[in-house]
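The values are calculated or read from the model by the stated rules, or taken from the named source; none is laboratory data. Predicted, not measured: the structure shown is a model, and the values here were computed from it. Cβ placement follows ideal geometry from the backbone for every residue including glycine, while neighbour counts extend to all protein chains displayed. The accessibility values were calculated without ligands, DNA or RNA, using every heavy atom of the protein model including side chains. Shrake-Rupley method; radii C 1.70, N 1.55, O 1.52, S 1.80 Å.
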Amino acid sequence: MHSVFGSVVRALPIEAAALSEQCNSDEFPEKVNLTLGVYRNFDGKAVRMPVVKKMELRMANDDSLNKDYLPIIGKEAFCSAGVRLLLGKNHPSCVSRLAGGVQTIGGTGAVFLSARFLHRILGFKIAYIPKPSWPSHRGICDHEGYTVKEYRYWNWNNQCLDINGMLEDLSNAPEWAVVILHACAHNPTGMDLAKTQWLEVARIMKTRRLFPLFDIAYQGFASGDLDEDAWPIRMFIDHGFELFAAQSFSKNFGLYNERVGNLIFVARDAETTACVKSQLLVLARYVWSNPVNHGSYIVSSVLNDPELTEEWKRNLAEMAQRIIKTRELFHKKLEALGTPGNWDNVIIQRGMFSYTGLSREQVKHLREKYHIYLTAEGRMNMCGLNWNNMDYVANAFHETITGG
Ligand code: PLP
């Protein structure tokens, strides 16, 4: 029978999701999922942060809460708390109201909304993303009608940052292009720029009149220090840039399925900031209409209460330390086994992800022989390693690399 949908072809699967599904249905008892983009503790368990649980218990008993729509902008107290967290409460752009925020559907929604605004309202046509990058950067920019170009970021031969390639590509970018920058804990490589390198990037982007769209999905997860992780964005503003920053609370509050994001914008004067905000609200109105309440209520309550904020910082530091410790342990194990290659990247890289340098064949071998799942390009989530599987994974890496 004829179908209206007859011409629709099956879309390619989203790699990380497809691999996780495959892993879930794998019945091998020692299987290991290193493809996930979420935090797990040393026992391999998903975690509800204690401060989040505390807030949820309070909310359950608070009869003043209801399920009315939020305003289009979301919860104002949440947006401004997000801005203060990102920029520091004494930053001049906070004090003089040059910075604002609009609540979004996760960090993804913030990347989307900024891409849409820059293209539809300001007419930007070219977007630069790092090679490699979180796949949704390309997906969103493609869908929004940009010509997507890549700047070099990773040197596959030497397994290190390609800073010269990055600077050269940005120097050759046409003026008025959007450049997506990972503020910290670059996904997928886990490799961040040093401060001196960030300063060079800012200098070139200023000369080329390139517009910075920062993606900050891991504030607090990279160095363990919230201010340190936000440094590149603050530095850009201090150097006179106007910018967008897509802020996510999925990771640093463990609120993945609550979809809590904030699109932060910094403009030259308060009136311009207000105009930008008003246009963003129009765009948001016709996509999600109003954002979600549960997660933003939690984040807002915590960040607007000094005691709860301290508690959250302790919870977050524990998670960041868990990742740093895992990196050290895994590195030690590979060294002890004498696994060929230089494994220092495991401890140099930051955040949840590590680019292992394993080839596609080695990744396939790990999956087929050991039931260990990594993305095809060899990205692993350090949180997929835990007390029970660390030796198993290290031995499997060793045997795979030595031809076992
Ligand atoms: N940006 C980067 C670099 C990410 O890695 C992720 C999530 O994996 C996001 C944005 C999206 O975050 P959210 O889940 O809040 O949409």
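Got a number for the accessible area of ASP305? Probe 1.4 Å, square angstrom, nearest 10.
Accessible area, nearest 10 Å²: 50 Å².
Picking from ASP68, ASP26, ASP227, which is most flexible by a Gaussian network model of the chain using Cα springs under 10 Å?
Among ASP68, ASP26, ASP227, the largest mean-square fluctuation in the Gaussian network model of the chain belongs to ASP68.
Can you tell me the relative contact order of region 45-149? Whole percent, Cα pairs under 8 Å, sequence separation 6 or more. Can you show the working numbers first?
Numbers: 65 pairs, mean separation 18.6, N = 105.
Reported relative contact order: 18 percent.
Give me the accessible area per residue for region 3-159, probe 1.4 Å, as a whole number in Å².
On the way: 8890 Å² over 157 residues.
For region 3-159, the solvent-accessible area averages 57 Å² per residue.
Pull up the DSSP beta bridges for the chain and report the antiparallel fraction as a percent, rounded to 5. Don't jump to the answer; show the numbers that get you there.
Values: 18 of 37 bridges.
Antiparallel bridges make up about 50 percent of those DSSP assigns within the chain.
What is the antiparallel percent of DSSP beta bridges lying wholly in region 201-264, to the nearest 5?
Percent antiparallel among DSSP bridges in region 201-264 is about 50.
For the chain, give the magnitude of the charge dipole about the Cα centre (Cβ charges: +1 Lys/Arg, -1 Asp/Glu; no others), in debye to the nearest 20. Intermediate results must be reported in sequence, preceding the final value.
Details: 44 positive and 43 negative charges, 110 e Å.
That gives a dipole near 520 debye.
So how far, in whole Å, is the C-alpha centre of region 310-360 from the one of region 149-166?
What the calculation gives is 21 Å, centre to centre.
Taking only C-alpha pairs under 8 Å that are 6+ residues apart, what is the relative contact order of the chain in percent?
Numbers: 704 pairs, mean separation 103.0, N = 404.
Normalised by residue count, the contact order of the chain is 25 percent.
Between VAL47, VAL179, VAL363, find the one with the highest GNM mean-square fluctuation for the chain; connect C-alpha pairs within less than 10 Å.
VAL47
Give the distance, in whole Å, between the Cα centre of region 194-210 and the Cα centre of region 1-73.
36
Put TYR392, TYR69 in order of accessible area, largest first, 1.4 Å probe: what do you get? Mind dumping the intermediate values first?
On the way: TYR392 60, TYR69 195 Å².
Sorted descending by solvent-accessible area, the residues read TYR69, TYR392.
Compute the length gained on full extension between GLU150 and ARG120: take 0.36 nm times their separation in residues and subtract their Cα-Cα distance, giving the result in nm to one decimal.
So the chain would gain 8.7 nm between GLU150 and ARG120.
What accessible area per residue comes out for region 187-257, rounded to a whole number of Å², with a 1.4 Å probe? All intermediate terms of the calculation are to be shown ahead of the outcome.
Values: 2220 Å² over 71 residues.
Heavy-atom accessible area per residue stands at 31 Å².
Return one whole number: the accessible area per residue of region 327-366 in Å², for a 1.4 Å probe. Provide the component values of the computation, followed by the final result.
Values: 1940 Å² over 40 residues.
Roughly 48 Å² per residue, with all protein chains present.
Given the options GLU307, GLU242, GLU328, which has the most mean-square fluctuation in a GNM of the chain, springs set between C-alpha atoms less than 10 angstrom apart?
GLU307
From the residues SER248, GLY224, ALA270, which one has its Cα farthest along the dipole of region 222-280 in the positive direction, the dipole being from +1 and -1 charges on Cβ of Lys/Arg and Asp/Glu about the Cα centre?
SER248
Could you give the angle, 0 to 90 degrees to the nearest 10, between helix 294-303's Cα long axis and the longest principal axis of the Cα atoms of the chain?
80
Express the relative contact order of region 94-169 as a whole percentage, based on alpha carbon pairs under 8 Å and six or more residues apart in sequence.
On the way: 74 pairs, mean separation 17.5, N = 76.
Over region 94-169, the number comes to 23 percent.
Carbon and sulfur together cover what percent of the accessible area of the chain at a 1.4 Å probe radius?
Working: 9750 of 18780 Å².
Carbon and sulfur atoms account for 52 percent of the accessible area of the chain.
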